[in-house]
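First the structure, in the form of structure tokens, and then the observations on it.
Every read-out reported here was derived from the displayed coordinates using simple, explicitly stated rules and does not represent laboratory data. All of these numbers come straight from a predicted model, not from anything done at the bench. Virtual Cβ from ideal backbone geometry, glycine too; neighbours counted across all protein chains shown.
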Amino acid sequence: MKDRGESPHASDERVRLDRRDFLKFGSLAAVSLVSGSAKADAVATDEDRATYSTVLPYERRIVAPGNQPAVETPNGSTLKLTKVGGVKVGHLIAEEVDHEFAPGLRAKCWGYNGSTPGPTIECIEGDRLRIYVENRLPAPTTVHFHGVILPNGMDGVSGLNQPPIPVGGTFVYEFTVRHPGTYMYHPHYDEMTQIALGMQGMLIVHPRRPRGPRVDRDFALMTHEFAIQVGASRPDPNEMTDFNVLTFNSKIYPATAPLLVGLGERVRIRFGNLSPMDHHPIHIHGVSFKTTATDGGYIPPSAQQPDTTVLIPTGSTRVIEFVPEEEGDWAMHCHMTHHVMTQMGHGIPNMVGARFARVNRRMRRVDPGYMTMGTEGMGGMGAMDMAIPENSLPMRGGPGPYGYIDMGGMFSVVKVRKNPDTADPNGDYEQPPGTQAGPADPGQALRDGILLKA
Ligand SMILES: [Cu+2]
């Protein structure tokens, strides 16, 4: 992030927190008790874009009957399947992954083929799959293909359906995908640890005969949650309630790749959730969508209700479809407000409304830059130019075209453009004149019968 002390006056205004203080408070919101200098110009620069821009225009390939486009996994990939004698063969490697959630925060996670989530497995109804699962983890594992109806011995529940894949071993799973749908895969051995460390992925089966209108774009997004204490190098699998790194495809905003779509195109997003403990109500601005399928199958059109938020319960998938009718940069985020905060600690005093004028005056005798924070809430905290412990993103969001976006975590942007194939996926939407909220004109307010105090 560009506000890491590059500003010329930053060093004398900042108070360096030592790591011990953070650990003592157990909370990055302890920052609210020390001084900082607000950055007034937290607007996206080319340098920011160079830091975060990993997005290329989505490649549109037709992969299934009825002109069905390939599924895009933002920030992720698709598993390579090779046809051998009529069988589609793939290789999943369960292994430790040095994962970057966003620039500034890395952890040793567990995943598949070098990533969390693992690559999306994409196939067609009726395909026979043979998936080799090689275990390079320091612990046994299995793979369960969540939602897929297959022979019982391929279901991957350790102890019930198969012995675990030993460390260094390789098992092979082979089955025919009889039902089209949006499924997931994950270990079914020491689930609590292995899923918490990031082992998860999607399995998508395109129908032979598509139902409903053809879609132009098709995205796969796994929602997930990790508990990463500040300064820790690994997610904590023992955490049960206070998850502090909430992700789309294991990335946090601003590293989440935006979804670039066309005005008037039909867009499908397939959400999955293997979070250890939480459901995620995902809200998309600027569109009305319908949930067309779950991991149990299609929802008949008569039962598809319009929504702007879809709840993705843990252990399930939800597929939504919409046709955007307004251009722009539309927020897409979990509506649980703590799920768009990154590494927000919760064991802190409530400062809202507290009067600290006297404390501030006294503190400034010893530290001229001192101010107490949090008395007006947390807005703007992420834009503060404060020293933070290495490898942490406390309450950080990202720079936007009109200032700092104070949401991080499970947040991304749906970019609706007239010409999506030539548009810069990292570019900001230019608001046409007269279509953006701005300061009120007192004269007009008066003519409208609005009496303003300010
Ligand atoms: Cu959530």
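Data table
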| quantity | calculated |
| --- | --- |
| Environment charge of Gly156, counting only residues whose C-beta is closer than 15 Å and scoring Lys/Arg +1, Asp/Glu -1 | -4 |
| Gyration tensor (alpha-carbon) shape descriptor, segment 333-454, a/c threshold 1.5 | oblate |
| Total charge dipole magnitude, segment 128-272, about the Cα centre, Cβ charges on Lys, Arg, Asp, Glu only, Debye to nearest 20 | 920 |
| Listed peptides 288-301, 421-434 by packing density, highest first (mean Cβ within 10 Å) | 288-301, 421-434 |
| Cut-off under 5 Å, modelled amide H: who pairs with Gly262 long-range | Arg417 |
| 0 to 90° range, to nearest 10: angle between helix 357-366 axis and the chain longest Cα axis | 80 |
| DSSP-defined beta bridges in segment 74-120 - what % are antiparallel, rounded to 5 | 90 |
| Relative contact order %, the chain, counting alpha carbon pairs below 8 Å whose residues are six or more apart | 20 |
| Positive-pole candidate from Gln194, Val267, Leu79, dipole of the chain, charges at beta carbon | Gln194 |
| Relative contact order of segment 221-283, defined on C-alpha pairs under 8 angstrom at six or more residues apart (%) | 43 |
| Prolate/oblate/rounded call for segment 158-272, Cα gyration tensor, a/c under 1.5 rounded | oblate |
| Value of relative contact order over segment 54-135, rounded to a whole percent, pairs C-alpha under 8 Å and six or more apart | 29 |
| Charge dipole of the chain about the Cα centre (unit charges at C-beta), most positive-ward option of Val157, Val245, His335 | Val157 |
| Rotationally averaged projected area of the chain (alpha carbon convex hull; nm²) | 25.6 |
| Whole-angstrom gap from segment 130-159 to segment 239-295, using each part's C-alpha centre | 25 |
| For Pro166, net neighbour charge (Lys/Arg +1, Asp/Glu -1) across residues whose Cβ lies under 14 Å away | -1 |
| Estimated vicinal HN-Hα couplings, Hz - segment 141-155 in sequence order (Karplus 6.51, -1.76, 1.60; Gly, Pro = x) | 7, 8, 10, 10, 9, 5, x, 7, 8, 8, x, 3, x, 9, 7 |
| Centre separation in Å (Cα based) which lies between segment 333-366 and segment 59-106 | 41 |
| DSSP beta bridge pairing in the chain, given as percent antiparallel to the nearest 5 | 70 |
